[in-house]
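Read the structure below first, then the notes.
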Amino acid sequence: MKKFLNLIIAGCLLVSAAQAQNAQSFGFSFFLNDFASAQRIRSTSLNTVINNKTFARMDQMNSGFAVNYHKQMRDRMSVTASLGVSGIRYPMPGRTITKNGSLVEFSATVNAMMTTDEYYVQPYVVLGVGMHKFDVHYGAFLPAGLGLKLNILGDASVVVTSTYRVPVTNETANYHFQHSIGIAAPLGKKK
């Protein structure tokens, strides 16, 4: 429980640290949770999964929808807070889950951009904290991954992200990938 509270505090600090600049945007995204590929990699190896081409297909993943808030901290760093919902039979270690339920996830991430927003393409690295609720179970995880922001729609941007979610609460969280695509638009006039 102490780890869980520390993660919540760290997430709040990440979001509040973003008060340095005014560039803010709000967005929506569609995502896929991939538990199968993560399990195959952990039970064999990444090399085996790549060689045997046994990554999960889209029909083996669970889809969901999220709302996102982005705030620019510096030229090459931003913070994202995301709240997502998906229908899933969450594979908790040591438990048999027999029915689908709603998985509600919140994550706060820092995005280290490779370029500034003057470029059309901005690759970035993602690192953060998150928590989820499934049925009566709460869990915490650490999302880490890669993203790509495409500044091709005027003020709006297309954002593509793929993260590996490492459980902190091993009893109620499981390793998985989350792949998302969404759109973000500024909340006010860009300065």
* Asked: Which order do peptides 66-74, 78-86 fall in by mean Cβ count within 10 Å, highest first?
  -> 78-86, 66-74
* With label points built 7 Å along Cα→Cβ from the Cα atoms of His179 and Thr115, find their separation and express it in nm. => 2.3
* Can you give me the P(r) profile for segment 116-191? Cα pairs, bins 10 angstrom wide beginning at 0, each as a whole percent. => 18, 38, 27, 15, 2
* Asked: Dividing the alpha-carbon Rg of segment 83-146 by 2.2 N^0.38 Å yields what?
  -> 1.48
* Rounded tilt (10° steps) of 2-16 against the dominant C-alpha axis of the chain -> 20
* Total lysine pairs whose alpha carbons fall under 20 Å of each other in the chain (8 or more apart, or interchain) -> 10
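Whole-Å semi-axes of the chain's equivalent ellipsoid, largest first, each the root of 5 times a Cα gyration tensor eigenvalue? List each step's numbers first, then the result.
Numbers: eigenvalues 166, 76, 44 Å².
Semi-axes (√(5λ), whole Å): 29, 20, 15.
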* Under a point spin-label approximation (7 Å from Cα along Cα-to-Cβ), what is the Asp59-Val158 distance to one decimal in nm? -> 2.6
* Choice from Thr116, Thr48, Thr161 with maximal GNM fluctuation in the chain (Cα, 10 Å cutoff) -> Thr48
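Relative contact order for the chain using alpha-carbon pairs under 8 Å, separation at least 6, rounded to a whole percent? Don't jump to the answer; show the numbers that get you there.
Values: 483 pairs, mean separation 45.2, N = 191.
In percent, rounded to a whole number, it is 24.
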* Separation in nanometres of the label points that stand 7 Å from Cα toward Cβ, at Asn151 and Asn170 -> 4.4
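Values in this text are rule-based calculations from the coordinates and carry no lab data. The shown structure was predicted, so the numbers you read here are calculated from the model rather than taken from an experiment. Virtual Cβ from ideal backbone geometry, glycine too; neighbours counted across all protein chains shown.
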